[in-house]
Amino acid sequence: MSEAAVIPRGGAVEERTGIMRTDGRNRRAAETRRKIIEAARAMIEETSEAPTVVGVARRADVSVRSVFQHFGDVQSLFVTVVDSIGEDIVVAPRPAASQALGERVQSLVRNIADVFDRIVPLRVAAGQFVGHPVLTERGLAMREQLRQATFEVFAPEFAGLSPESREELADAIGAALSLDAWVVLRRRDKLSLERAEGVWRLTLTALLEHALAAAKD
């Protein structure tokens with residue numbers, strides 16, 4: 001085999017060098033993006049306020065220009081942080097409908113409270129972006145998930161109700177156990193996690209018992 005056959009030609013070397021440079025830029029860009037998101041998350045968790053671009057850049061130790069290169073505005077960054085936090089949340093399995101009512105109430109309340117308590121700062125900060133279409137969409141999706149969980153977990157109780165009563169009960173539970181309601185208990189009323197969960201257990205139990213009693217009349 002000739003020497004020419006084993007020695008890469010100049011064009012091949014240049015091509016590989018170009019690939020390595022591109023890979024290096026991509027890695028640096030990904031690392032910068034990660035640092036920006038982590039900085040924004042930390043600031044939201046600490047202050048319950050939407051961070052400024054300047055504040056994020058300083059916290060992430062990157063330039064303001066870099067923040068704008070990765071996220072066109074602070075709203076886009078905030079939406080990305082919302083999705084990032086959502087991806088990290090592990091939701092506990094729903095209680096089986098065959099369990100005793102009290103056990104289901106306690107388990108569902110604990111599961112929802114665990115998730116909501118982690119995103120309270122995010123919800124408070126989101127108040128600065130009222131009406132943002134993507135955030136509105138995320139909120140509606142979360143409420144629909146809660147509604148479906150309600151129908152599934154309390155299927156035996158809903159089964160004895162008329163279609164109209166089922167919808168009314170689901171609406172009442174959705175309003176009572178909403179993220180905004182949790183913010184009121186934890187932030188405005190400053191209840192401990194245990195006391196806030198207790199309020200929700202009493203409320204949920206009362207709503208279910210009232211609906212069942214009304215169905216028997």
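Descriptive notes on the structure:
- For the criterion of being over 28 Å from V81 (Cβ atoms) and modelled with pLDDT under 95, G160 passes.
- Within the stretch 40-58, if we keep just the residues that are more than 13 Å from Q75 (Cα to Cα) and hydroxyl-bearing (S, T, Y), the residue that is surrounded by the fewest Cβ atoms within 10 Å (Cβ to Cβ) turns out to be T47.
- Residue in the stretch 113-121 that is touching a helix residue (DSSP H, G or I) at 6+ places or on another chain (Cβ under 6 Å), in contact (Cβ under 8 Å) with a residue 24 or more places away in the chain and among the aromatic types (F, W, Y) present: yes
- Taking (1) within 22 Å of T136 (Cβ to Cβ); (2) at pLDDT below 95 in turn, P95 satisfies each apart from (1).
To keep it simple, each residue is scored yes or no on (1) in the same structural domain as V153 (by TED's automatic domain parsing); (2) more than 22 Å from L185 (Cβ to Cβ).
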position: E46; (1), (2): no, no
position: V54; (1), (2): no, yes
position: R59; (1), (2): no, yes
position: F68; (1), (2): no, yes
position: D83; (1), (2): no, yes
position: P95; (1), (2): yes, no
position: E103; (1), (2): yes, yes
position: D114; (1), (2): yes, no
position: H132; (1), (2): yes, yes
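- Flag for R110 being within 30 Å of P51 (Cβ to Cβ), in contact with an Asp or Glu (Cβ under 8 Å, 6 or more places away or on another chain), surrounded by 13 or more Cβ atoms within 10 Å (Cβ to Cβ) and modelled with pLDDT of 95 or more: no
- Test: S165 is assigned by TED's automatic domain parsing to the domain that holds L101, more than 16 Å from V109 (Cα to Cα) and either touching an Asp or Glu at 6+ places or on another chain (Cβ under 6 Å) or surrounded by 12 or more Cβ atoms within 10 Å (Cβ to Cβ) (or both): yes
The values are calculated or read from the model by the stated rules, or taken from the named source; none is laboratory data. Just so you know, these numbers come straight off a predicted model, no measurement behind them. As a convention, Cβ positions derive from the backbone with ideal geometry for all residues, glycine included, and neighbour counts pool all protein chains shown.
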